Every structure is written in structure tokens, then in C-alpha cells.
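Heads up: the structure comes next, in C-alpha cells.
The values are calculated or read from the model by the stated rules, or taken from the named source; none is laboratory data. Quick caveat: nothing in here was measured; it's all calculated off a predicted structure. Quick reminder, even Gly has a Cβ in these numbers, built from the backbone with ideal geometry, and neighbours come from all protein chains shown.
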Amino acid sequence: MCGECGCGDTTVRLTVPTTRTITVEQAVLAGNDRLAGRNREWLADRNITAVNLMSSPGSGKTTLLERTIHHLRGSRDVSVVEGDQETVLDAERIRAAGCPAVQINTGGGCHLDAGMLADGLDTLDPPVGSLLFVENVGNLVCPALFDLGESAKAVIISVTEGDDKPLKYPHMFAVADVVVINKVDLLPYVEFDLDTCADRARSVRPGVEVIPLSATTGTGIDAWFRWLHRR
């Protein structure tokens with residue numbers, strides 16, 4: 001787990017082949033959960049739907065956001081909180097797509113937390129009844145452990161990452177309200193089985209909706225838009 005932030009499951013197991021397993025107890029993130037509760041109330045009072053996008057780096061979160069912003073233009077107010085360790089590159093892309101965005105740089109941090117989102121909300125001041133996206137730091141471990149007060153969690157992977165990711169990072173997929181499998185236009189060039197990945201995702205999150213799409217070409221993107229509209 002991450003030594004910088006101290007995050008982790010309540011039980012971390014270090015397994016040494018043919019010898020023994022060491023169990024380490026870690027503190028519950030009660031302070032973050034209290035702040036997340038305040039964020040949730042703040043958003044609910046304003047009828048704002050907040051979707052936390054989580055993935056490994058390079059999955060295509062920002063490209064998916066750009067397409068989504070263009071699709072919703074004129075029908076729904078949208079704003080974005082961008083999380084990265086460094087740079088404002090993604091926030092610049094979102095603003096160029098015509099959407100208000102605030103960049104949060106975590107430095108050595110591997111995730112956004114509820115306090116960071118509260119700061120982002122204070123800066124953005126999203127309109128009542130709007131849609132807010134939180135593009136979390138690229139990481140398939142730590143973001144899953146920090147409640148932000150969001151309305152829903154979307155986990156995005158790409159076909160270039162392998163169909164075993166739900167089994168290798170079960171805590172991330174266990175909190176997903178939807179799993180997006182991006183870059184399906186690359187399927188002819190990689191070893192990736194959509195059905196296997198979907199089955200593995202549902203083995204850790206029974207019944208979770210799985211949406212294969214290409215944010216680059218637009219293939220399958222309507223299923224993502226329908227999921228958003230249902231929120």
C-alpha cells in the first residue's frame with residue numbers, strides 16, 4: 001500500500017512463499033468519512049450528481065470526459081474536478097472542451113480525498129442541478145479507499161491493461177457502480193476477452209453494469225450516456 005498517505009485496507013497481508021503470512025492492522029479513515037458526509041449533504045442540498053472516475057493512468061478518462069461534455073452541451077451544466085500529482089494538462093483539455101474545471105495537484109499523493117474535493121467544490125461552485133465529474137488520480141488502489149461524498153463511482157479500464165484487472169485490484173472493482181472498458185477499437189491488436197473481464201468484475205461486484213466502448217471512435221458510447229442519464 002501507499003506509504004505516503006498511509007492508506008490501505010484494514011488488513012494488509014504480506015505473503016512469503018512457503019513460509020508465513022504477516023497481518024498488519026491499519027487505522028480506519030474516520031476523519032475523511034466525516035468530510036465525505038458533509039460533501040454528500042452539500043451536493044444533495046443542491047441536487048448535484050457527482051461521479052467519481054477512477055482508473056489506472058492512461059485508461060482514457062479525460063478523452064471520455066471530453067466526449068461526454070460535448071454530448072451534454074446545452075442540456076446540462078457540467079463541471080470537473082481534476083486530480084493529478086502534477087501539471088494542469090487535463091484541466092486545460094477540459095476547459096478547451098468548454099467546461100469549467102479546477103485542477104488539484106496532490107504532489108506525492110496517490111488519490112483525492114474528501115477535503116480536497118471540498119476545496120474543489122468551493123472553487124468551482126457548481127450550479128444547482130448540475131453534473132460534477134471528479135477525475136481521480138490514476139491509481140487502481142488508493143482512490144477506492146477514500147469516500148469523497150460522490151453520488152456514484154465509475155471504474156474505467158482499457159483493453160491494453162489485461163482482462164485480469166478486476167481480480168488483481170478487487171477493492172477498486174468492489175466499489176464500482178459501473179465498469180467502463182475503454183479502447184475497444186484496439187481489441188484486434190491485444191489479448192483481451194470482454195466477457196472474461198465482465199465476469200471477473202461481477203465476481204467482485206455482483207450485478208455491476210459493464211460498458212465496453214471507445215472514447216476515441218465513439219463505439220458503444222451511447223450506453224455510457226444512458227447510464228449517466230439514469231443517475
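Looking at Glu86, Glu92, Glu161, Glu135, just one residue is within 23 Å of Gly218 (Cβ to Cβ), surrounded by fewer than 16 Cβ atoms within 10 Å (Cβ to Cβ) and not basic (Lys, Arg), and that residue is Glu92. Of all residues in the stretch 185-220, those being more than 17 Å from Pro170 (Cα to Cα), among the β-branched types (Val, Ile, Thr) and crowded, with 19+ Cβ neighbours inside 10 Å number 1. Any residue that is without any contact (Cβ under 8 Å) to a residue 40 or more places away in the chain and under 21 Å from Leu43 (Cβ atoms) - is there at least one of those in the stretch 123-132? Yes, the stretch 123-132 contains at least one residue that is without any contact (Cβ under 8 Å) to a residue 40 or more places away in the chain and under 21 Å from Leu43 (Cβ atoms). Selection of first residues in the stretch 33-57 that are acidic (Asp, Glu) and of second residues that are surrounded by 13 or more Cβ atoms within 10 Å (Cβ to Cβ), restricted to Cβ pairs under 7 Å at least 6 apart or on distinct chains, gives the following pairs, ordered by first then second residue: Asp33/Asp147.
Checking each residue in the stretch 164-182 for being surrounded by fewer than 18 Cβ atoms within 10 Å (Cβ to Cβ) and closer than 21 Å to Gly220 by Cα picks out only Asp177.
Checking Val175, Val180 one by one, the residue that is of a type in the set (A, V, I, L, M, F, W, C) and more than 13 Å from Leu64 (Cβ to Cβ) is Val175 and no other. Among the residues of the stretch 105-117, is any closer than 30 Å to Glu161 by Cα, in a strand (DSSP E or B) and touching a residue at least 40 places away in the same chain (Cβ under 8 Å)? No, every residue in the stretch 105-117 fails to be closer than 30 Å to Glu161 by Cα, in a strand (DSSP E or B) and touching a residue at least 40 places away in the same chain (Cβ under 8 Å). Scanning the stretch 29-87 for residues that are among the polar types (S, T, N, Q), at pLDDT below 95 and farther than 22 Å from Ala215 by Cα turns up Asn32, Gln85, Thr87. The set of residues from the stretch 40-65 being under 12 Å from Arg93 (Cα atoms) and buried (at least 17 other Cβ atoms within 10 Å of the Cβ) comprises Lys61, Thr62, Leu64, Leu65. If you go through the stretch 118-146 and keep only what is farther than 23 Å from Trp224 by Cβ and not in a helix (DSSP H, G or I), you end up with Asp125, Val128, Val141, Phe146.
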